[in-house]
1. Select from the stretch 106-130 the residues that are assigned to a strand (DSSP E or B) and among the aliphatic types (A, V, I, L, M) and write down the one among them that is farthest from PHE141 (Cα to Cα).
2. Looking at MET222, MET201, which one is in contact with a strand residue (DSSP E or B) (Cβ under 8 Å, 6 or more places away or on another chain), among the aliphatic types (A, V, I, L, M), farther than 21 Å from ASN40 by Cα and at pLDDT 95 or above?
3. Would you confirm, using the coordinates I've provided, whether ALA27 is touching a residue at least 60 places away in the same chain (Cβ under 8 Å) and buried (at least 18 other Cβ atoms within 10 Å of the Cβ)?
4. Hey, can you tell me all the residues within the stretch 48-76 that are free of Cβ contacts under 8 Å to residues at least 40 places away in the same chain and part of a helix (DSSP H, G or I)?
5. In the stretch 122-150, which residues are surrounded by fewer than 21 Cβ atoms within 10 Å (Cβ to Cβ), under 30 Å from THR6 (Cβ atoms) and touching a residue at least 60 places away in the same chain (Cβ under 8 Å)?
6. Being assigned to a helix (DSSP H, G or I), more than 17 Å from PHE177 (Cα to Cα) and not small (Gly, Ala, Ser) is the filter here; which residues of the stretch 8-40 pass it?
Amino acid sequence: MEKGRTVVVSALQFACTDDVSTNVATAERLVRAAHKQGANIILIQELFEGYYFCQAQREEFIQRAKPHKDHPTILRMQKLAKELGVVIPVSFFEEANNAHYNSTAIIDADGTDLGIYRKSHIPDGPGYEEKFYFNPGDTGFKVFQTKFAKVGVAICWDQWFPEAARAMVLQGAEILFYPTAIGSEPHDGSIDSRDHWKRVMQGHAGANLVPLVASNRIGKEMIETEHGKSEITFYGNSFIAGNFCELFSFQHRSTPYSFDQCGKTLHLKDDIRFPHSSQP
């Protein structure tokens, strides 16, 4: 990318229902709204097609996985990206080679599917029982050359590991994107990791001197489990951090509406890149 070139990024957040068509329609409506405000790259939250089903271990939820090829939501977002001329990372539950992954497809501004990243770090704890559903990703950390910038995409739990951000930046990532689903802990209401989460992510931006965009869902979701019910209130707080750890833009824990967005014009530079000079 040329020095001083700008790109407008937007992070969406909304409360999901358990109806795929409703959630995809909401995502499309918000993408269109962000585009009207000038956004070039628009990040939708993790697994936005439905409730965060990983609160419980239920076999029927595994049936929600679909192959990357001809995935209906990805195809719809490809059409939308081409129409609007925007880049859209699309989170989805993937079935591939008798395995299942928490994946993100990167859709370029001409509608081209640039490929996928599969989530590497899989959490396993009360309310976040992802190892029941997802295999560890086998793609490695990757970067994608889009129309507007070279981007790196990791997913939710990956954000707690600094190696993920550094690996992408060492491959030339100019902006990092993290679709996310993080909220309260069903087993202990006194735990609130919101501020810790944000500070860790801001640290990734500052340590690697690149902007970072995080999109998280909002709302309260309840899932039936084998022991009764599990409930998570998602933090929202989607945000954009600058390459000196500054918090450019963020949304609150909840809003008067079922959705919201934040956006920021980033001025990308390649004249300060000390991570590329690091030693093994």
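1. ILE107
2. MET201
3. Criteria not met by ALA27.
4. The answer is GLU59, GLU60, PRO72, ILE74, LEU75.
5. Hits for the stretch 122-150 are LYS147, LYS150.
6. VAL20, THR22, ASN23, VAL24, THR26, GLU28, ARG29, LEU30, ARG32, HIS35, LYS36
So that you can scan it fast, the table gives a plain yes or no per residue for (1) touching a helix residue (DSSP H, G or I) at 6+ places or on another chain (Cβ under 6 Å); (2) modelled with pLDDT of 95 or more; (3) within 21 Å of GLN13 (Cβ to Cβ):
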| residue | (1), (2), (3) |
| --- | --- |
| GLY111 | yes, yes, no |
| GLY137 | no, yes, no |
| PHE144 | no, yes, no |
| PHE148 | no, yes, no |
| ALA164 | yes, yes, no |
| LEU170 | no, yes, no |
| SER184 | no, no, yes |
| SER193 | no, no, yes |
| ALA205 | no, yes, yes |
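The values are calculated or read from the model by the stated rules, or taken from the named source; none is laboratory data. This one's a predicted model, so the numbers in the text were calculated from it and none came from an experiment. For neighbour counting, all protein chains shown are included, and Cβ atoms are generated from backbone atoms with ideal geometry for every residue, glycine included.
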